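All remarks here apply to the structure that follows.
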Amino acid sequence: KCHGLLVVALTDENGRLLWISAARPGRTSEITACRHDKLTARLREAGLGAIADLGFVGLDDSTPDADPAVITGYKAAKNRPLTRAQKLSNRALAAVRAPAEHGFAHLKNWRVLTKVRTAPSWATALVRALLVLTNREAAR
């Protein structure tokens, strides 16, 4: 059987990859991986914030008075459609996230990642090496 891997990454506003988490089995959810890495606490310590997709709704469970470490869009429910303002907010967040998605795409260009079917501990070293190579290629 072939098993996939899950890797969570952070980029800057230009799409350059800054950090990659340890590789985990593909069955792990993204939000669980972030909670395991204590990502929100680390972002707060560094005085940084992150803009994430809808898969990360609920990750930042800080007090309402604190500045958010992770900003996500709004999800619609069956009985509660999004308001016009929420749709505009989601559109603005998607525009800001577009360069980050390009950064992920550069990482996925490495064909070796399509063939990796190994233990996550072995794949972590490979993915972090590819992070360095991707940043070097993007700097050219």
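The values are calculated or read from the model by the stated rules, or taken from the named source; none is laboratory data. Computed from a predicted structure; not experimentally measured. Neighbour counts run over all protein chains shown; Cβ positions are idealised from the backbone, glycine included. Quick note on the areas: whole protein, heavy atoms, side chains included, nothing else; ligands and nucleic acids left out. Shrake-Rupley method; radii C 1.70, N 1.55, O 1.52, S 1.80 Å.
Couple of notes before you dig in:
- Each of the peptides 5-11, 128-134 was scored by the mean count of other Cβ atoms within 10 Å over its residues; in descending order, highest first, they stand as 5-11, 128-134.
- In the distance distribution for the chain, Cα-Cα pairs more than 22 Å apart total 46 percent.
- For the stretch 19-83: span of alpha carbons on each principal axis (Å, largest first): 38, 33, 16
- DSSP bridge pairs, the chain: antiparallel proportion in percent, nearest 5: 75
- Here the 3J(HN,Hα) profile of the stretch 52-65, calculated from phi with Karplus coefficients 6.51, -1.76 and 1.60 at θ = phi - 60°, is 10, 7, 5, x, 10, 4, x, 5, 8, 9, 7, 5, x, 6 Hz, Gly and Pro shown as x.
- Gyration tensor verdict on the stretch 64-118 (Cα atoms; rounded if a/c is under 1.5, prolate if a/b is larger than b/c, oblate otherwise): prolate
- Put simply, the amide H of Ala50, placed in the peptide plane, has neighbours under 5 Å in Val70, Ile71, leaving out anything fewer than 5 places away on its chain.
- Residue-normalised accessible area of the chain, given per residue in Å² at a 1.4 Å probe: 70
- Extension gain, Ile71 to Leu133: 0.36 nm times the residue separation minus the Cα-Cα distance gives 19.4 nm.
- Whole-Å distance, taken between Cα centres, linking the stretch 73-140 and the stretch 10-27: 7
- Number of Lys-Lys pairs in the chain with C-alpha atoms under 25 Å apart and a separation of 8 or more places or on different chains: 6.
- Taking the chain as a Gaussian network of alpha-carbon nodes connected by springs under 10 Å, the highest mean-square fluctuation of the residues Arg97, Arg111, Arg44 belongs to Arg111.
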